[in-house]
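Working notes for the structure below.
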Amino acid sequence: MKSKEIREAFLSFFAGKGHVRVPSAPVVPQDDPTLYFTNAGMNQFKDVFLGLGRRDYTRAVDTQKVVRVSGKHNDLDEVGYSPWHHTFFEMLGNWSFGDYFKKEAIEWGWELITEHFGLEKERLWATVFVGDDAVEADAEAEAFWYQCTDLLPGRVVRLPAKENFWEMGEAGPCGPCSEIHYYLGRDLAAQDRRMLIDDTGDLVEIWNLVFIQYNRNETGVLQPLPEKHVDTGMGFERLCSILQGTESNYETDVFQPLIGRIAERTGKEYGGEHRVPMQVIADHVRALSFAIADGAMPANAGRGYVLRRILRRAARYARQLDQHDPFIFQLVGTLGETMGHIFPEVAARQDLIARVIHSEEESFGKTLDRGLDIFARLAAKGQITGSDAFQLYDTYGFPLDLTELIAREQGVSLVEREQFDHALESQRQRARQATRAQFSATEGIGDPLAGTHSRFVGYDELEIDARVVQADGGEDSRVWLVLDRTPFYAEAGGQVGDRGRIEGSGFAVEVEDVQKARGGIVHKGRLVAGGVGALTGAVVARVDRRARLDAERNHTATHLLHESLRRTLGDHVGQMGSLVAPDRLRFDFSHFAAVEPEPLCEIEERVNEQIRADLAVSTFQEDLEKAKAMGAQVLFGEKYEDQVRVVRIGDFSLELCGGTHVRSTGAIGAFDLLSESGIAAGVRRSEALTGAGAERAARQRRQVLAALGARLHAAPEELADKIEELLGRNRQLERTLDELRRRVAALEATNNLPEARAVQGIKVVAQRTQVEDVPSLRAMADGLRESLGSGVGVLGAAIGGKVSFIAVVSDDLIEGRGLKAGDIVRGVAQLAGGSGGGKAHLAQAGGRDPGKLDEALAQVASIVEQQLK
């Protein structure tokens with residue numbers, strides 16, 4: 001059977017048993033920040049098993065996209081070597097939510113694999129839970145295997161909890177499971193129950209039937225569930241391998257189109273030394289493509305770093321197929337062709353996926369080859385230390401598991417692993433300290449205040465009467481106040497806290513910042529009238545209207561910018577951070593490459609179009625799930641209440657947001673996108689101005705253009721050509737100057753040529769010189785080579801606190817005596833703590849210790865003599 005037929009047969013079989021076909025959940029969980037990737041079919045039904053949710057159906061069937069590459073489900077080291085393990089695979093599953101239980105699950109499972117898939121009954125075994133002190137053996141499931149199927153006698157084996165008792169976590173729903181195993185060997189008579197007990201690998205698991213019938217409370221005690229559930233999972237690729245009679249999953253029609261494409265692009269045959277690299281790449285491009293299609297992006301932390309590890313592992317294996325340029329991205333189209341019919345997102349987004357992978361390959365490719373060279377040098381001593389591994393990680397981007405992989409392949413041991421962990425933790429601590437130095441704590445004022453207070457009314461009112469609930473002061477007239485209600489917006493969601501004034505009987509406070517603390521809203525400011533003892537009673541709380549309106553303009557503009565970025569660059573764009581202040585806005589977003597000028601203009605123009613359209617801005621409360629179903633943008637990893645505030649901007653934008661906004665987009669006035677830049681791998685930053693700020697920026701640019709035009713005697717539209725003309729003339733003058741310097745340096749090299757030493761009949765010159773930069777040193781070396789005729793010359797100079805060397809060798813000595821400037825200069829530089837190389841006739845090197853310059857030059861003749869041996 002072809003893989004398409006196998007998948008459809010499974011889904012159709014259970015649909016015929018009253019199961020609802022449900023779509024696969026995204027492989028990137030949208031509502032569980034603790035889970036990097038969907039690692040089981042049950043993830044999307046977790047709320048049902050926990051008793052927190054229900055579905056409109058009690059039976060379900062699907063094929064679920066699964067990634068297992070982190071946490072306890074981590075098969076990364078096995079991928080490519082094992083015939084069965086993958087980072088990405090499909091999990092075929094059927095579920096019962098308080099409907100049928102063990103009897104039907106076993107009966108239907110047997111019917112499907114024997115009658116529809118035609119598996120030989122003589123090769124099939126089943127396992128059940130053996131029992132322990134808390135739960136008795138699953139004799140019920142064992143009995144059903146013999147009563148409801150014609151499984152051969154003695155083919156049910158009882159195994160311990162590690163294999164046959166499923167738990168969601170330390171507490172929660174759990175229950176025994178029953179696994180179906182298939183014998184791979186040729187000699188049917190050799191089958192034995194010890195193969196399962198000893199886990200010999202002769203019998204492979206093909207299907208796991210989980211019977212969720214208990215709940216483990218926080219003390220570890222098991223209690224029966226009021227409703228019992230069934231959760232089954234069968235690896236699609238492994239099933240295809242068995243039904244198609246292949247020795248591994250990679251030989252099935254699931255993987256062969258990808259492997260064939262790899263062979264075509266590399267010119268290598270599948271098999272032998274190329275087998276593992278091709279299998280790794282075929283597996284990894286699937287995991288990468290499906291994760292990116294569902295919204296994940298390579299990054300330096302979290303799930304993004306997991307993707308980066310996978311991609312860099314694949315890139316390293318591509319080197320074993322002699323692929324030194326970006327290559328993996330070329331496989332995405334083939335994946336879309338073979339899997340787009342069941343998972344349309346991987347076909348619909350294949351251009352984006354290919355661009356992301358290409359960008360990552362290109363970036364890592366710049367350091368991979370150099371890192372491999374450094375690894376070889378470090379490994380020459382027979383082992384790689386944890387410090388070595390951290391150097392490869394920190395400087396060349398080698399994930400630790402990549403270093404471990406290369407070490408295993410080359411038979412090199414990785415020792416003192418704790419050095420890596422220590423260096424990594426030290427780096428993280430430095431980063432945390434740097435972050436703490438930038439931000440002051442907002443929760444340090446005290447414990448949460450009891451009672452009702454801090455009711456925010458600032459969406460509709462900017463000046464109100466209120467009462468002080470608590471207040472205190474410190475040095476330099478610094479004070480803080482908590483009110484029973486307030487119009488002041490506390491910093492949240494990127495929007496800074498309001499400024500303004502609080503006045504009471506005998507005192508006035510200039511509010512400079514507002515933060516969420518003490519279980520409410522704390523107003524921090526400076527006492528401008530009265531004393532700390534007067535901070536009590538009735539007050540008038542007044543927000544700075546101009547600052548608030550400016551912040552509202554910028555906040556609404558960030559929503560417009562977010563949607564404009566998504567429409568221009570793609571749905572993968574997500575908010576990674578923001579700053580909304582009265583004078584400016586900053587928006588960080590996920591994207592894999594710099595945004596080119598043309599799409600930047602499109603993004604800015606689209607925002608301004610919405611401003612000119614004067615779209616209505618409205619807010620409303622909604623259930624979180626309903627808001628998501630409406631298409632509202634949410635921040636990944638953000639914790640939301642069941643009821644959320646939604647901000648709608650016409651038909652253009654819909655986001656969950658608690659911030660303050662203008663009533664219509666026309667109030668923004670104008671939007672000026674100042675800059676776009678990278679701040680981290682996979683994260684871009686845009687900065688912009690609105691309203692009066694945008695007007696001022698435009699006016700300043702006009703003034704600059706006018707000043708330049710006056711200096712260059714050109715109209716604004718002529719400035720670009722005029723400047724290019726001046727730059728061209730400047731470049732020509734620089735070339736002329738460089739040529740003059742070269743001639744002067746060559747004359748100096750000739751006139752100041754020291755007495756040459758003869759080494760086996762070869763003229764050898766070594767000289768220390770005074771130059772300002774390396775180009776001047778190179779010019780002198782050219783002059784030295786011309787004046788030598790036949791010979792070897794080495795010049796050295798201390799430049800900028802470091803040492804530079806250049807060696808030259810005449811053509812006759814290269815051809816006749818085998819001398820190479822690169823070998824000579826490398827030997828000299830090593831004496832000054834450096835390295836280098838180059839061509840046979842001219843080579844350059846550097847050193848770290850200027851104090852060793854003369855000593856190194858004194859050894860040139862000896863180094864030449866060694867080269868001649």
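In segment 592-612, the qualifying residues are those that are touching a Ser or Thr at 6+ places or on another chain (Cβ under 7 Å) and not aromatic (Phe, Trp, Tyr), and the one that is nearest to Pro298 (Cα to Cα) is Ala593. I'd like to check something: does segment 537-547 contain any residue that is β-branched (Val, Ile, Thr), modelled with pLDDT of 90 or more, in contact with a His (Cβ under 8 Å, 6 or more places away or on another chain) and under 18 Å from Val496 (Cα atoms)? No, that holds for no residue. Among the residues of segment 690-713, those that are under 23 Å from Ala551 (Cα atoms) and out of contact with any Lys or Arg (no Cβ under 6 Å at 6 or more places or on another chain) comprise Ala692, Gly693, Ala694, Glu695, Arg696, Ala697, Ala698, Arg699, Gln700.
The residues in segment 1-19 that are open to solvent by less than 60 Å² (accessible area, probe 1.4 Å) and within 28 Å of Gln213 (Cβ to Cβ) can be counted, and the count is 8. Look at (1) in contact with a strand residue (DSSP E or B) (Cβ under 9 Å, 6 or more places away or on another chain); (2) open to solvent by less than 70 Å² (accessible area, probe 1.4 Å) and you find that Arg663 fails only one, number (2).
Only one of the numbered conditions (1) loosely packed, with under 14 Cβ neighbours inside 10 Å; (2) assigned to a helix (DSSP H, G or I); (3) modelled with pLDDT of 80 or more is violated by Gln433, and that is (3). If the requirement is being within 29 Å of the chain's Cα centre (by Cα) and open to solvent by less than 50 Å² (accessible area, probe 1.4 Å), which of these qualifies: Ile649, Ile611, Ile603? Of the residues listed, the single one that is within 29 Å of the chain's Cα centre (by Cα) and open to solvent by less than 50 Å² (accessible area, probe 1.4 Å) is Ile603.
Please verify whether segment 208-218 includes one or more residues that are in contact with a helix residue (DSSP H, G or I) (Cβ under 6 Å, 6 or more places away or on another chain) and modelled with pLDDT of 95 or more. There is at least one residue in segment 208-218 that is in contact with a helix residue (DSSP H, G or I) (Cβ under 6 Å, 6 or more places away or on another chain) and modelled with pLDDT of 95 or more. List the helices (runs of 4 or more DSSP H) that sit entirely inside segment 756-869 and contain at least 2 residues that are farther than 25 Å from Arg741 by Cβ. Result: 811-817, 821-830, 853-858, 860-868.
Matching residues to (1) among the hydroxyl-bearing types (Ser, Thr, Tyr); (2) open to solvent by less than 30 Å² (accessible area, probe 1.4 Å); (3) touching a strand residue (DSSP E or B) at 6+ places or on another chain (Cβ under 6 Å):
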| residue | (1), (2), (3) |
| --- | --- |
| Phe620 | no, no, yes |
| Leu656 | no, yes, yes |
| Gly659 | no, yes, yes |
| Ile668 | no, yes, yes |
| Phe671 | no, yes, yes |
| Gly693 | no, yes, no |
| Arg701 | no, no, no |
| Leu708 | no, no, no |
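For segment 517-552, the set of residues classified as buried (at least 21 other Cβ atoms within 10 Å of the Cβ) and small (Gly, Ala, Ser) consists of Ala517, Gly520, Gly525, Ala541, Ala551, listed by residue number.
Let me spell it out: the conditions are (1) open to solvent by less than 30 Å² (accessible area, probe 1.4 Å); (2) more than 19 Å from Arg757 (Cα to Cα), and Leu819 meets all of them except one. Which number is the exception? Leu819 satisfies every listed condition except (2).
Segment 213-296 holds helices (runs of 4 or more DSSP H) entirely within its bounds, and those carrying 2 or more residues that are open to solvent by less than 10 Å² (accessible area, probe 1.4 Å) and within 26 Å of Ala141 (Cβ to Cβ) map to 236-244. Pull out all pairs, ordered by first then second residue, where Cβ-Cβ is under 9 Å, the residues are six or more apart or on different chains, the first lies in segment 687-714 and is under 23 Å from Glu676 (Cα atoms), and the second is loosely packed, with under 14 Cβ neighbours inside 10 Å and modelled with pLDDT under 90. So the pair list comes out as Arg702/Pro716; Leu705/Pro716. Might you let me know whether segment 826-842 holds any residue that is closer than 22 Å to Gly761 by Cα, out of contact with any Pro (no Cβ under 7 Å at 6 or more places or on another chain) and crowded, with 19+ Cβ neighbours inside 10 Å? So far as segment 826-842 goes, yes, one or more of its residues are closer than 22 Å to Gly761 by Cα, out of contact with any Pro (no Cβ under 7 Å at 6 or more places or on another chain) and crowded, with 19+ Cβ neighbours inside 10 Å. Looking across segment 358-411, the residues that are touching a Ser or Thr at 6+ places or on another chain (Cβ under 9 Å), outside any loop (DSSP other than H, G, I, E, B) and open to solvent by less than 30 Å² (accessible area, probe 1.4 Å) come down to Gly371, Ile374, Phe375, Leu378, Ile384, Asp388, Ala389, Leu392, Ala407.
Would you pick out the residues in segment 129-145 that are at pLDDT below 90 and of a type in the set (Asp, Glu)?
Asp133
Look at (1) modelled with pLDDT of 95 or more; (2) touching a helix residue (DSSP H, G or I) at 6+ places or on another chain (Cβ under 9 Å); (3) among the polar types (S, T, N, Q) and you find that Ser477 fails only one, number (1).
Scan segment 634-657 for residues that are in contact (Cβ under 8 Å) with a residue 40 or more places away in the chain, part of a strand (DSSP E or B) and under 23 Å from Gly53 (Cα atoms) and report the count. Within segment 634-657, residues that are in contact (Cβ under 8 Å) with a residue 40 or more places away in the chain, part of a strand (DSSP E or B) and under 23 Å from Gly53 (Cα atoms) number 0. If only residues of segment 673-691 that are crowded, with 18+ Cβ neighbours inside 10 Å and among the polar types (S, T, N, Q) are counted, the one that is farthest from Glu361 (Cα to Cα) is Thr690. In segment 184-194, is there at least one residue being surrounded by 15 or more Cβ atoms within 10 Å (Cβ to Cβ) and not in a loop (DSSP other than H, G, I, E, B)? For segment 184-194, residues surrounded by 15 or more Cβ atoms within 10 Å (Cβ to Cβ) and not in a loop (DSSP other than H, G, I, E, B): absent. Considering segment 666-718, the residues that are in a loop (DSSP other than H, G, I, E, B) and of a type in the set (A, V, I, L, M) include one that is nearest to Glu602 (Cα to Cα), namely Ala670.
A search for C-beta distances below 9 Å between a residue of segment 5-23 that is under 14 Å from Gly41 (Cβ atoms) and touching a residue at least 60 places away in the same chain (Cβ under 8 Å) and any residue that is assigned to a loop (DSSP other than H, G, I, E, B) and among the β-branched types (Val, Ile, Thr), counting only pairs 6+ apart in sequence or on different chains, returns Arg7/Ile342. The residues listed here are Asp476, Asp498, Asp484, Asp513; of these, the one that is open to solvent by 60 Å² or more (accessible area, probe 1.4 Å) and among the acidic types (Asp, Glu) is Asp476.
Here's the yes/no breakdown for (1) over 28 Å from Glu695 (Cα atoms); (2) without any contact (Cβ under 8 Å) to a residue 40 or more places away in the chain:
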position: Arg455; (1), (2): yes, yes
position: Gly473; (1), (2): yes, no
position: Pro487; (1), (2): yes, no
position: Val514; (1), (2): yes, yes
position: Lys524; (1), (2): yes, no
position: Ala529; (1), (2): yes, yes
position: Arg546; (1), (2): no, yes
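A search for C-beta distances below 8 Å between a residue of segment 152-163 that is under 18 Å from Leu188 (Cβ atoms) and any residue that is assigned to a loop (DSSP other than H, G, I, E, B) and open to solvent by 40 Å² or more (accessible area, probe 1.4 Å), counting only pairs 6+ apart in sequence or on different chains, returns Gly154/Arg193; Val157/Arg193.
The values are calculated or read from the model by the stated rules, or taken from the named source; none is laboratory data. Not measured: the values here are computed from a predicted model. Every residue, glycine among them, receives a Cβ derived from its backbone with ideal geometry; neighbour counts consider all protein chains shown. These area figures cover heavy atoms from the full protein model, side chains too; ligands, DNA and RNA do not enter into them. Shrake-Rupley method; radii C 1.70, N 1.55, O 1.52, S 1.80 Å.
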